[in-house]
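Visitor: If you scroll down you'll find the structure; I have some questions about it.
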Amino acid sequence: MSSFTLKVVLSLIISTFTLMKLTRAGDPDILTDFISPLTGPIDANFFTYTGFRALVGPQNTSPPPFKVLKATMIEFPSLNGQSVSYASLQFQPKSINPPHTHPRSAELLLVIQGALQVGFVDTTNKLFTQNLQTGDIFVFPKGLVHFQHNVDEKIPALALSAFGSANAGTISLPNTLFNTSIDDNVLALAFKTDVSTVQNLKKGFA
Ligand SMILES: *[C@@H]1O[C@H](CO)[C@@H](O)[C@H](O)[C@H]1NC(C)=O
C-alpha cells in the first residue's frame, strides 16, 4: 500500500470513529415516538410543562440568593427519551451558583436579564471565564466544573439553560465534598489543611 493510500485509509477510520462517538454523545435513542406513562390515555397536556410560569408571575418579595427551577424528566416526564431539558437560574445581586458539573450533558446558557460572570475549568486545569451581558449565550462543555456569579450589587440576573439530556444530573462540589460523610482526614490531606478547618467547612452545610 502506498503511503498516500495508507493516509486515506487511516483518516477514513479516524473519521468513522469520530462519527460513532458523536452519535453516542447523548441519551440512548428510544424505539417509539415518545414514552407514555404506564396508565391512562394521554393528550397534549402530557407534553406541556407549566412550572416555569413562576418566572413571569409576581415574584417572591424575599427570594433566596440563588434559585433553580428545573424541567427535566423528573418534573416533566414526557422528556424521558427525548434528550433535552431546561433549567432556569435566578440570581439575586452578588450571588453565585457554586462550582458544579453535569455528568451527562453540556449546558447552553442564555442570559435573559442582568449580567453574569461565568467560567469552567477543562481537564488540563485551564480556566475559561467570561463576563456575559443580557442576550449572551455561553456553553459549558459536558462534565466540566463550572460556576456562575452575579457580580452586580443591585440588579438580579435570570438565565435559561438548555441541556442535551433529559436528566443531565448535577454534582455540586461543595455539597459533594463537605456535606457527605467523607472522612475528615481524607479531606484534610486532600486540601493540604487540618481536620479543624475541614470541620469548620462542614459546619456551613449542617
Ligand atoms: C446537605 O445534605 C442534606 C442531605 O442530603 C440536604 O438536605 C441539605 O440541603 C444539604 N445542605 C446544603 C447546604 O446543601
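Since every read-out is calculated from the coordinates, none of them should be taken as a lab result. Computed from a predicted structure; not experimentally measured. Glycine gets a Cβ as well: all are built from the backbone with ideal geometry, and neighbour counts include every protein chain shown.
Visitor: Mind sorting Leu144, Leu132, Leu79 by how few other Cβ atoms lie within 10 Å of their own Cβ, fewest first?
Guide: The order, fewest Cβ neighbours first, is Leu144, Leu132, Leu79.
Visitor: Just want the ordering: Asp194, Asp152, from fewest to most Cβ atoms lying within 10 Å of their own Cβ.
Guide: Neighbour counts put them in this order, fewest first: Asp194, Asp152.
Visitor: Which value in Å does the Kirkwood hydrodynamic radius of the chain take, with 1/r averaged over all unlike C-alpha pairs and then inverted?
Guide: Every distinct Cα pair counted, the radius reaches 20.2 Å.
Visitor: Now a separate question. Restricting to lysine pairs 8 or more places apart or on different chains, what number in the chain have Cα atoms under 18 Å apart? Each step should come with its number before you reach the end.
Guide: Working: Lys21/Lys142; Lys67/Lys94; Lys67/Lys154; Lys70/Lys142; Lys94/Lys154; Lys126/Lys142; Lys192/Lys202.
Taking the chain as the scope, the lysine pair count is 7.
Visitor: Taking the Cα centre of the chain as origin and charging only Cβ (+1 Lys, Arg; -1 Asp, Glu), how large is the dipole, in debye to the nearest 20?
Guide: Computed charge dipole of the chain: roughly 300 debye.
Visitor: Let me ask something else about it. Rounded to the nearest 500, what is the chain's calculated 222 nm mean residue ellipticity when only DSSP H runs of at least 4 contribute -39500 (n - 2.57) each, over all residues?
Guide: On the way: 4 runs with 43 residues, N = 206.
Mean residue ellipticity, 222 nm, calculated: -6500 deg cm²/dmol.
Visitor: While we're here: So, in nm, how far is label Lys94 from label Asp194 when the simple model puts each one 7 Å beyond its Cα toward the Cβ?
Guide: 3.1 nm
Visitor: List residues of segment 37-57, by number, whose backbone nitrogen lies under 18 Å from a label position 7 Å along Cα→C-beta of Gln113.
Guide: Under cut-off, by backbone N: 51-57.
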